[in-house]
Amino acid sequence: MRTLLDKLEREHRLSKAEFASLLRARDPDLEREAARRADAVRRRCYGADVYIRGLIEFTNCCRNDCLYCGIRRSNAHVERYRLTEEQILSCCREGHMLGYRTFVLQGGEDPKWGPERIADLVRTIRTDWPDCAVTLSVGEHSRAVYQLWFDAGAERYLLRHETADDAHYRTLHPPEMSPEHRKKCLWDLKDIGYQVGAGFMVGSPGQTEEQLAEDLCFLYELQPDMVGIGPFIPHHDTPFRDRPRGSLEQTLFLLSLIRLMLPTVLLPATTALGTIHPQGRELGIRAGANVCMPNLSPTAVREKYALYDDKICTGDESAQCRQCLAARMASAGYQVVVGRGDRAGRQERAPCPHPAPLRPAHRDPSDYKNI
Ligand code: 5AD
Ligand code: FES
């Protein structure tokens, strides 16, 4: 198995069968070794820096009905909310004071937040905080709409592919959603020029190691700038309420494999990972992740954005999360930095950064200020 890790580190790709055999091994020594190598690669690309993104969950209204998701349309128990423009801008203002230089606007596919309204919001944020990046994460839309938002100043887009296996995709989603359309959206976003984030849940109901291997092969093909993965966690008001959550070990192992496959990728240690283990995010960073996305949403609405049960940080103020995270990262031997946190040496197809150390070329030394 170690020879497969050697090969992945050297060539940055494996066949689906090779990835599947690594994933089936479930060998703690192998997982430790993968994490050690992944951490060395991330340190060559990013040092000990951890980038933070301020997550603003601005609407939990959603026209979709994904079977795993707590804010799915058919969950009548959710108290729906939409933040106003003023509320969102005040999150940004607070976030900027706390050192965030990326705002992630995440929401359901909410018809009341139409394309023009989102474009106006993006324009306002980019005008008011020109030193900040805006990331959108609002689901599937037409190419024209993605172009509108890009032209308004959104540079990054997060859209998890959820699973690259068509049959598995159909078991997780209602019939009106299709894996082809999801993938088309990702290719459109990339073609427009966005820094694109894809990703998937680990341990989603019925998922096999082969399907996860397919996810890794898809990521290789897509060459995204960001990859968001986290364990599946059941939500009590969904059809998957009784299904087991995804495992910590498998999620960490996948983070390490993704770091070895895409050395300069931006890889968050997700809130879901922090939810299944008290030190989940620190462990994620040590396994190769280099981004955290603390919550900037007003405390009053945080509990209502429950994609899964027991989500962490729902009662904490933004400032608390910011400090807490800085302390957590420091305790794990890393440092939260102030800066936009763009991908190291961003290029269409990132070349292998080894063996020369590669630092983000454009960063100002003040970006390294540890607050
Ligand atoms: N458990 C873990 N992750 C989930 N997501 C949605 N529902 C769940 C759940 N029950 C993830 C999906 C989605 C992202 C916003 O959150 O991958 O793309
Ligand atoms: Fe939110 Fe720790 S990151 S309280």
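Here are the numbers:
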| quantity | calculated |
| --- | --- |
| Residue in region 244-264 that is charged (D, E, K, R) and part of a helix (DSSP H, G or I) present | yes |
| Residue check, Arg63 in contact (Cβ under 8 Å) with a residue 12 or more places away in the chain, in contact with an Asp or Glu (Cβ under 7 Å, 6 or more places away or on another chain), within 30 Å of Arg243 (Cα to Cα) and among the basic types (Lys, Arg) | yes |
| All positions within region 55-72 that are aliphatic (A, V, I, L, M) and part of a loop (DSSP other than H, G, I, E, B) | Leu67, Ile71 |
| Candidate set: region 272-286, residues that are over 11 Å from Leu248 (Cα atoms) and crowded, with 22+ Cβ neighbours inside 10 Å; chosen: the one nearest to ligand 2 (Cβ to nearest atom) | Glu282 |
| Flag for Glu303 being modelled with pLDDT under 95, surrounded by fewer than 18 Cβ atoms within 10 Å (Cβ to Cβ), of a type in the set (Asp, Glu) and within 11 Å of ligand 2 (Cβ to nearest atom) | no |
| Filter result for the condition that a residue is of a type in the set (S, T, N, Q), farther than 30 Å from Gly339 by Cα, in a helix (DSSP H, G or I) and modelled with pLDDT of 95 or more, over Ser21, Ser90 | Ser21 |
| Flag for Phe218 being more than 29 Å from Leu14 (Cβ to Cβ) and either modelled with pLDDT under 95 or part of a helix (DSSP H, G or I) (or both) | no |
| Scope region 247-271; condition over 16 Å from Gln223 (Cα atoms), surrounded by fewer than 24 Cβ atoms within 10 Å (Cβ to Cβ) and either away from ligand 2 (no atom under 16 Å from the Cβ) or of a type in the set (A, V, I, L, M, F, W, C) (or both); matching residues | Ser247, Leu248, Glu249, Gln250 |
| Extreme residue, surrounded by the fewest Cβ atoms within 10 Å (Cβ to Cβ), among residues of region 153-165 that are over 14 Å from the mean Cα position of the chain (by Cα) and within 20 Å of Glu57 (Cα to Cα) | Gly153 |
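The values are calculated or read from the model by the stated rules, or taken from the named source; none is laboratory data. Being a predicted model, the structure only gives us computed values, none of them experimental. Glycine gets a Cβ as well: all are built from the backbone with ideal geometry, and neighbour counts include every protein chain shown.
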